[in-house]
Structures are given as C-alpha cells and as structure tokens.
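J.: Starting off with a structure, shown below.
Just so it is clear, none of the values below were taken in a lab; they were calculated from the coordinates. Please read these numbers as outputs of a predicted model, since none were measured by experiment. Cβ sites come from the backbone with ideal geometry, for glycine too, and all protein chains shown count toward neighbours.
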C-alpha cells in the first residue's frame, strides 16, 4: 500500500498523510454501524425494537446523533483546568488511533509494517490512560476523579494479562510483527494459533488447552481494557454518574465515545490477528486475497464486537476489589502456567 | 443478641501510614462527597452525604425532605375523609392500591363499617397485583444499580401488564383512587378475571427467567452476598419492616400476624431470608425475599380469582362520613413494610389529625448503620436493597 501510494502521489509528505488517514476511513463508518448495532442488539435482548423511524430500522440514527452532538455547546466547568480539559479527549483518541497503525487489515494493507508491532500497540495504547486521568482530574469533579482513578488502576492491571496472553501467541509464531503473525497462520482454520498454528499434530494437540485459555483471557482482559460491562467501573453509571466524562458535552464527549468504540475494535483486531488468523480465510486458499482478507478481518473483528455487546447487556458489574482480584489472582496466574507449558511444549 | 459486628476498618488508612521514598509522611484525608439529590441510584431525590476514605465508606448521612408535600397537614384540611385518598395515592406512588387500602381500612375500623365480601376479594387481588408491580420495580432498578440493564426492562415489560389490568379497572395507571371508604369505586370490568388469570400463567415462567439472568448470576451474588448485613436485633431495634425485616430472618408479616382483609382464607407462606448465598440479612437475602414474595402473591391472586363471590362493591355508608370522636391506629403490609395510619377524629367531617407511619422512612434510617465500612459500590447496593420510595419517605 505504501509503494502504491508513493507511486501515485510521489515520495512526499502528502503520501504519508493519506496513508495515516486511511484507518479513519474505516473507524468512522465502523463507529456508526457499531452504535446502531449496540442499540439494536440490546433492544432485541430487552423486548424492544429501538429506533425505527430514521431510515430502514433506524439505520441513519447514529448520523443524526453525531449531528446533534456537533451542534451542542461545548461547556467547560468554571473550576476546570481548561488546558487539560481540552486536551484529554484528543489524547484518548490519539492513543487509540496510533494503535491502528500496526494493525494488518489485509495482506496488502498495514499502516506501518514495524517489527515490534504487538509491543508498539500495547505501549502506545497506554496513552489513553493518561487522557482519562487528565479528563477526570481536569473536570474538577469528585465523581470524575473517582472514575479516572478507577480507570487507571483497571487499565494498568489488565495490561499485564493482555501482555502475557499476547506473549503466548508470540511464542508460537516467533514474531512480534503482526503481519508476520498473520502470514504464519495461512492455510485454513486448522493453522490458526488458537488451534496450535501450523505445527506437528502432537504439538498442536498439546498446545490446544493452553492457547484456548490464553485466547479467552485475552478476550476478557480486552473487555476490561476498553472499560465495558462487566468491567465498566470507570463510567459505572449507577455509582459514579458517568465517571471521567461526566462533565464533557458536545463533540468532546463524542470523541470519548468514538475512542471507546474504536478501542473495542482495536482489542478485537489484536485478538483476531493473534489467535484467529487475522486476514486469513478459514478455508485455506478459497476466498482469500487482499480484498477477501479485508472482509475476513473485519468480520472476525465484528464477531468479537458482537460478543462484547452481548456480554455487556447480560452481565452485572464487578466491584473494584473483585476487578483487581480477577486480574491479579485469576487471570495472571493462569497465564503464567500457560506460558510455562507452551514454552515446554515448543522445546519438545 | 448476635455477635457484635466487626467492620473492615483494616482498610481504612491511618494517618501517617503512607511514606514517600524520602521518608516524608503523606497526609491522607477523608473526602466528603454528595450523592444525590440528582444521582442515578438514589432512587429519587435522596441526598446522601458520604464520607469516604478512598473507596471505603466511613460514614453516610442521609438528608431527606426534598419531596415533602405536607400530606398530613393537607389531610386535616380536606372537606371529608374521602378526599384524603388521592393524597394517600401519592405517598408510595409505586403501590397506590396498598396505600388506599391502608387508609380506607383505618377509617372503616374507626367507623366500624363492615365491607361486603366481594370488596374484600377485590381489594386482596388489587393489593397483591400492586405488590408484584412494586417489587418488579424494586428488582429491576436493583439490577440497574448492579449494572445489569436487561432485567430492568424485562421487569417493566411485565409490570406493564399489571398496569393494563389497573387501567382496565379504574382508568388510571399509577395513582388509582380505587379503594374507597366502605368499598371500591366501581366493580371489576367484564373480562378482568380472565385477563388476570392470563397474567398469572404468563408471569410465573418470567420469574424463573429473571432468576436465571439476575438472581443466580455469579457476579450478582458476589456483589450482594455478605454486603450490607442487617442482623436480626438491629433490624428489630430500628423498627424495620417488610422485606427488610424478613430478609434478616424475622418471620413477621402483618397479612398473617395482624390479619386484615381475607388473607386468612388463602394458602400462602411468608418468605424469609435464610442466608443461602451469604450471611442472613445481606442484600441478596432482601432481594430474594422480594422475588419469592411475588410468587406468593401470585398464589394469593389465583386463589382469590377462583373464589371471588358476587355481590355489592359498596357497603351502605352515610353520605357524609362523620366518625365518632376518637382515634385509631391501623397497620397494613405494604410492599415496603408496615404502613400505619393514625387517625384522630373530633366528630366533624374532616379528620383532626392524620399521621402516616411510612415503612420506607423507617427502613431508610438503618442505612448508615449497615453501610459503614463497605465500599462505595456496596453503598449503592445497600440503598437499592432498602427499596425506598421518596414520595413515602418525605410524604
């Protein structure tokens, strides 16, 4: 993609700007679709129909919502720290957007094909923590501060299981480059890391329970990382009003939401790439290629998005101490066992 | 007397506990935070002044009165006893039928009026239907407090059917003014009995559904079991009543222990908390008592629908109700507990004094006692499990 762009526009700054803006082409429509999907899925779970009047089954409603938010007044609390208050939503967005740079959407497109891709994403997505803490602090609202403090504690704790689960996939694929990891899993569903990757059969069978555990933990920790039920403590509506974004309105609020939804896809994409073969077709060479790869990748991501929505509207919320307990005393020890076992099996 | 409760004060940081790397002592301080009156989980305009140490609740001071509407004073200035009933409706607006009945019963006992048997049956059906509707809201909003949104809408869906029944009967969906002194405002409409029977058979599986998704959910149990434990003696000392008291394992239900209406003619049981998932008297017990009471109410309704006699729906009472000089206190079991009406008559057409003993107000008073030492999220769970209606707390 990079070569294609430079051959079209030439080696200049514009090519890089276009390249950098490409994920936005995906994120914006994706956010609209997911907002609609979330409303519809939750409504049908609750014996409702959700919005029906704006377009076919209310398909245009998210656009109307965005237009409404654009027109709203941007209020800033009098006692707020104005600089931080303005900066926070953008920092959250930057942290999320920078992560998309290393996501391989298809064999032909990855924003930046760096060798430390996974490591880079884990590192750069931590930037959102600072944004959230800034938002909570700058709002000068005790509830917001509570939300921010919870959020930081939560995201920092859950990065450990995420990193460890990622490590298991990395051990099997022997690469930190997400594009390489995806290529490693070519050749159909049986070669996905979830099923042990393209290794000898005995090794695959031995790996199976551990890759499954790591996959599940990565998914659970991913939900916690993006602050969704049952881990939505930072914005626990019934406890903290709205958490760190209580005082935000208008477009700044919309950016928080956009970042949250995009983050959902980011963790789904990482899970899909590491364990479900990324852009690979589940049928080997059938229906594969750059365009089909994109379709497969987005479908896998959306599958996880649907799971997240499903879980959100089913489960109650954990308490703060239970949240920490889950991370440090359940998920992390399990992953240590998995890492040890996977290491042993790979040496054999 | 049970053992004195040990509060988890270990959590509370002591002054000078935190030191920086240079050995300097960090100052820790308690934070006072206002929860309400505009807060999603105070269930109305209740203001809680919460003293927090980190996430640990050190103290809670409830401030009430935002919904005070001078009900008792208004009642004294009504032209007659009947006119008080719409005001009574607005006390506990989630269980208007039960409130109506409590007041009407007090006036009837004061005047020694006997009501026809059909009226008694209608009143039982209405009161129990309203008890289910009220408990559905308590359960649904409790789900929201815990972060589970779906059960809330399921509860509202089922409550809608009960409201349809009420609308069919008296035209109103929330504030009914249906149970009058000496009877009910008008007879059951055609087809009501069948529709109510349909509701009973429809609703029973829904309780199971609710249990599957919320009551026995592992996270929900973790959030509510062992939380906000209200021991038997504390509950009695604070004069708690209703599901609050029964959740603590006290077998006390006015429908059985101080009978009124025709409850003694039906077969039903009193549900008490047994501490299945945690300690007796924790939030889960209080919640579960409500769920099980809905099943008992269904039983009562089914029997009442089967045995309802024909007859008048108004007893012959004088047009101007003018009780003899005297006073009376009558208590009934509203969905929230012991709802008492004290009425003093000076022989004129309007009451000299009306005092309501509202269960939600009394139950709320125990809140600081049981929420100290818990976390902020526990406080939300406890407030939800008390099931207050601010209209009744403030009157």
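J.: Please report, to one decimal in angstroms, the Kirkwood hydrodynamic radius of the stretch A:64-121 built from all distinct Cα-Cα pairs. Walk me through the numbers before you get to the answer.
T.: On the way: mean 1/r = 0.0691 Å⁻¹.
Value: 14.5 Å, from the Cα pair sum.
J.: What FRET efficiency do you get for residue B:369 and residue A:249 if R0 is 56 Å and r is their Cβ-Cβ distance, rounded to the nearest 0.05? Walk me through the numbers before you get to the answer.
T.: Numbers: r = 39 Å, r/R0 = 0.70.
It comes to 0.90.
J.: Turning to a different aspect of this structure: Tell me the label-point distance for the pair residue A:28, residue B:267, using the 7 Å Cα-to-Cβ offset, in nm and rounded to one decimal.
T.: 6.9 nm
J.: Restricting attention to the alpha-carbon atoms of the stretch B:241-395, what are Rg (one decimal) and Dmax (integer), both in Å?
T.: Rg then Dmax for the stretch B:241-395, in Å: 18.9, 57.
J.: From zero up to wherever the largest Cα-Cα distance of the protein assembly as shown sits, split into 20 Å bins and tell me the percent of pairs in each.
T.: Using 20 Å bins, I get a P(r) of 15, 41, 30, 12, 2, 0 for the protein assembly as shown.
J.: Per residue of B:148-155, how many C-beta atoms from partner chains lie within 10 Å of its own C-beta, taken as a mean? Numbers along the way, then the final one.
T.: Numbers: counts 8, 10, 9, 3, 1, 7, 3, 0.
Going residue by residue through B:148-155 and averaging, the value is 5.
J.: Something else: Between residue A:140 and residue B:327, what is the spin-label point distance in nm, taking each point 7 Å from the Cα along the Cα→C-beta axis?
T.: 5.4 nm
J.: Would you mind ranking A:328, A:279 so that the residue whose beta carbon has the fewest other beta carbons within 10 Å leads the list? The partial results should precede the final answer.
T.: Details: A:328 14, A:279 29.
With the sparsest Cβ surroundings first, the list reads A:328, A:279.
J.: Tell me what chain B gives for mean residue ellipticity at 222 nm when only DSSP H runs of n ≥ 4 count, each as -39,500 (n - 2.57), the sum divided by the residue total, rounded to 500 deg cm²/dmol. Intermediate values should be presented prior to the final figure.
T.: Numbers: 15 runs with 170 residues, N = 395.
Calculated at 222 nm, the ellipticity per residue is -13000 deg cm²/dmol.
J.: Please report, in cubic angstrom per residue, the volume enclosed by the convex hull of the alpha-carbon atoms of chain B. Before the final figure, lay out the partial values.
T.: Numbers: hull volume 56.2 nm³, N = 395.
About 142 Å³ per residue, rounded to a whole number.
J.: Taking only Cα atoms and a 10 Å spring cutoff, compute GNM fluctuations for chain B and point out the largest among B:373, B:340, B:269.
T.: Largest GNM mean-square fluctuation: B:269.
J.: At 7 Å along the Cα-to-beta-carbon direction for both residue B:68 and residue B:239, put a label point, then send me their distance in nm to one decimal.
T.: Reported label-point gap for residue B:68 and residue B:239 is 1.8 nm.
J.: State the three equivalent ellipsoid semi-axes of the stretch A:302-348, derived from the C-alpha gyration tensor as the square roots of 5 times its eigenvalues, in descending order and whole Å.
T.: Numbers: eigenvalues 171, 68, 5 Å².
After scaling each eigenvalue by five and taking roots: 29, 18, 5 Å.
J.: Provide B:70, B:283, B:240 in ascending order of the number of other Cβ atoms located within 10 Å of each residue's Cβ, fewest first.
T.: On the way: B:70 12, B:283 31, B:240 28.
Least to most surrounded, the residues fall as B:70, B:240, B:283.
J.: With chain B treated as a Gaussian network of Cα nodes joined by springs under 10 Å, which of B:217, B:98, B:130 yields the largest mean-square fluctuation?
T.: Ranking B:217, B:98, B:130 by mean-square fluctuation puts B:217 first.
J.: Over all Cα pairs of the stretch B:236-332, how is the pair count split among 10 Å bins, expressed in % and running from 0 up to the last occupied bin?
T.: Reading upward from the zero bin: 14, 32, 28, 19, 7, 1.
J.: Let me ask something else about it. Name the most mobile residue of B:126, B:146, B:97, meaning the one with the largest mean-square fluctuation, in a Gaussian network model of chain B with Cα contacts below 10 Å.
T.: Result for chain B, Cα springs under 10 Å: B:146 fluctuates most.
J.: Binning every alpha carbon pair distance of chain A at 20 Å from zero, what are the percents per bin?
T.: It works out to 29, 58, 13, 0, in whole percents.
J.: May I ask you to sort A:340, B:192 by Cβ crowding, counting other Cβ atoms within 10 Å and putting the fewest first?
T.: Numbers: A:340 11, B:192 17.
So the residues, fewest neighbours to most, are A:340, B:192.
J.: Grab the beta carbon distance between residue A:14 and residue A:70, set R0 = 30 Å, and tell me the FRET efficiency rounded to 0.05. Don't skip to the end; give the middle numbers.
T.: Working: r = 27 Å, r/R0 = 0.91.
The computed FRET efficiency comes out at 0.65.
J.: Sticking with this structure for a sec: Give, in nm to one decimal, the length gained when the segment between residue A:299 and residue A:346 is fully stretched (0.36 nm per residue of separation minus the Cα-Cα distance). Each step should come with its number before you reach the end.
T.: Details: separation 47, 0.36 × 47 = 16.92 nm, distance 3.07 nm.
Computed gain between residue A:299 and residue A:346 is 13.8 nm.
J.: If R₀ is 22 angstrom, what is the calculated FRET efficiency for the pair residue A:81 and residue A:156, using the beta carbon separation as r and rounding to 0.05?
T.: Details: r = 23 Å, r/R0 = 1.02.
That gives a FRET efficiency of 0.45.
J.: Let me ask you something else. At 222 nm, what value in deg cm²/dmol follows for chain A if DSSP H runs of at least 4 each add -39500 (n - 2.57) and the sum is divided by all its residues, to the nearest 500?
T.: On the way: 14 runs with 229 residues, N = 348.
That calculation yields -22000 deg cm²/dmol at 222 nm.
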